[in-house]
Structure formats: structure tokens, C-alpha cells
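One structure is given below, encoded as C-alpha cells.
The values are calculated or read from the model by the stated rules, or taken from the named source; none is laboratory data. Small disclaimer: the values here were computed from a predicted structure and weren't measured. Positions of Cβ are generated from backbone atoms using ideal geometry, with glycine treated the same way; all protein chains shown enter the neighbour counts. Just so you know, the surface numbers come from the protein's heavy atoms only, side chains and all, with ligands and any DNA or RNA stripped out. Shrake-Rupley method; radii C 1.70, N 1.55, O 1.52, S 1.80 Å.
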Amino acid sequence: MLSERPFVFAAGLCLICSFMLTFTASTLKPIQMKNQKVDKQKNILKVLKITEDGKKYTNIEVEEIYNTYIQNKWLNSKGELVSEETDAPIFLYIKEGKVDAYAIPISGYGLWSTLYGYFSVNGDGTTVRGITFYEHGETPGLGAEVEAKWFQDNFIGKKIASSSGEFKSVGIVKGKVDNVVASESEKQYYVDGISGATVTSNGVNEFLKEALLRYESFAKRLRAKESVI
């Protein structure tokens, strides 16, 4: 009988620990979900250049700014904004009753991981406003440079379409654009590459183009100066 007591004690201890872990997890889950929501909002505001770089915002401030300026919508196959969920979520920055810019989610494989981020385009449907990555597992100092300010700033002002409205996307070259792209008119569609991170760069090129094509019907309507909201 005495030999059974350690097992009874161990079983009881395991039961108590399991209960405590379950209780803690269930208690913290709403907080975790809230933090994830605010983090998403922070990145969308960042890529749309609504918040200031380097300035810290409280969760309450982030939510207030987000709810003031951003409309969460989806696109249907015709590039029309709808409230029903589709595979093309879009985040609109509305200013003076017009789409000042919009952000879209981007994700895809690099060298070691799946990269997740957002890409934004001005209301003209052509000019890049920004890009940001918030999650990846790429090599520090190499592929991880996708989250560096110098790299992301490369995209600002670049074009995803020609002056005639032809879709182009934005590509990352191996090296410097000035050294690789001979035509001055073509340089607006490319950004400087990351040294030693060819595979990561190629991955970004592929999934960025794929994402932009998914939203091209909406961008075309903006380029044609159609009313979209």
C-alpha cells in the first residue's frame, strides 16, 4: 500500500498541473488574440505610411488610428470591393472620400522559411507606397535584410505598371539597379538586391508578383480613375 502512494501523488500532481496549464492557456488566449490583432494593425499602418517610423504607439493609439483611417474590405473576381470574405483581403486608406492608398498581404517562400508581410500602393494604382515584413526565418545579415529599412525604402516610389497601364510588378535585381538595368525607363520597376541572398530575393520576386496580379483588377480600375468606393 505504501508503495502505491508515490504513484498516487504523482498522478495527482500531474492532474493539478494539467488543470493549471489549461486554465492559464484559456485565460491568456484572448490577450494573445488581441495582441495579434493590434500587431497586424501596426504593420498595415506602417506600410501605408500613416504612423511615424521610430515613434512608439500604445495599443489604444494604434486601434484608434486604424479605425479612423482604414477600411477592411475584400475583392471579388471583378475587382469590386465587397464586405463578404474572399481570398483577396484589402485594407483601404481613405482620405477625403477617396482611396489614398491600399495595402495587401504578401507571403511566400524564401530560402529557409515562409515570409509574411504587406505591400502598399498609392491611390493611382501604379506607384508603390511601401513594403514591410513582420515574420520570417531567413538568415541574419543576408535574407533577413528584407526587414531592413534600407531595403524596404528601395520600393517607395517604384511602379507596378507602365504609363500606359501595362502591369509590370517590382523586381529585385542581383546587385545595384543602376549597374544591372541599362534602360532608364525600366529602372522604375526594379530595386537593389540583397548581397548573398539570391534565393530569398527570387522568392520575394515570385510571390510579390503573384500577389499583385491577384489585385490587378482593382489596380486597373484605379488607374482608369473609376469610382471604387
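With a cut-off of 14 Å between beta carbons, the residues surrounding N67 carry a summed charge of 0, where Lys and Arg count +1 and Asp and Glu -1. Mean residue ellipticity, 222 nm, helices only, the chain: the sum of -39500 (n - 2.57) across DSSP H runs of n ≥ 4, divided by residue count and rounded to 500, is -12500 deg cm²/dmol. Dipole check for the chain: with +1 at the C-beta of Lys and Arg, -1 at the C-beta of Asp and Glu, and the Cα centre as origin, the magnitude is about 240 Debye. Dipole magnitude for the stretch 54-120: about 240 debye, using +1 per Lys or Arg Cβ and -1 per Asp or Glu Cβ, origin at the Cα centre. Between A148, S169, T132, the Cα set farthest toward the positive side of the dipole of the stretch 116-185 (charges on each charged residue's Cβ, about the Cα centre) is that of S169.
Subtracting the Cα-Cα distance of S195 and A148 from 0.36 nm times their residue separation leaves 15.6 nm of extension gain. Output the 0 to 90 degree angle, nearest 10, between the alpha-carbon long axis of helix 5-47 and the longest principal axis computed from the alpha carbons of the chain. Once rounded, the angle reads 20 degrees.
Values [x] 41, 19, 15; [y] 42, 24, 16; [z] 27, 26, 16 are given for comparison; semi-axes √(5λ) of the Cα gyration tensor in Å, derived from the coordinates here, is the one labelled [y].
Heavy-atom accessible area with a 1.4 Å probe sorts I229, I104, largest first, into I229, I104.
Computed 3J(HN,Hα) for the stretch 200-215, one whole-Hz value per residue from the Karplus formula 6.51 cos²θ - 1.76 cosθ + 1.60 where θ = phi - 60°, is 4, 4, 4, x, 4, 3, 5, 6, 5, 4, 4, 5, 5, 5, 5, 10, glycine and proline marked x. Comparing K187, K174, K95 in a Gaussian network model of the chain where C-alpha atoms under 10 Å apart are linked, the largest mean-square fluctuation is found at K95. Within the shell defined by Cβ-Cβ distances under 13 Å, the residues around W150 carry a net charge of -3, with Lys and Arg each +1 and Asp and Glu each -1.
Inter-part distance, the stretch 134-188 to the stretch 63-84, computed on C-alpha centroids, equals 26 Å. Considered as an equivalent ellipsoid built on the Cα gyration tensor, the stretch 50-133 has semi-axes of 21, 20, 13 Å, the largest given first. Sites listed here are GluC sites (Glu not before Pro) in the stretch 64-155 whose DSSP assignment is loop and whose Cβ has at most 13 other Cβ atoms within 10 Å: E80, E84, E85, E96.
Spin-label model, E63/Y116: points 7 Å from Cα along the beta carbon direction are separated by 2.0 nm. Each Lys or Arg adds one and each Asp or Glu subtracts one; over the other residues with Cβ under 13 Å from the Cβ of A197, this totals -3. For K98, nonlocal amide neighbours, meaning residues 5 or more places apart or on other chains whose placed amide H falls under 5 Å from its own, do not occur.
Amide H to amide H distances under 5 Å link I106 with G117, Y118, F119, where only residues 5 or more positions off or on other chains count and H is placed in the peptide plane. When only the Cβ of Lys, Arg, Asp and Glu is charged (+1, +1, -1, -1), the dipole of the stretch 132-182 relative to its Cα centre reaches about 260 debye.
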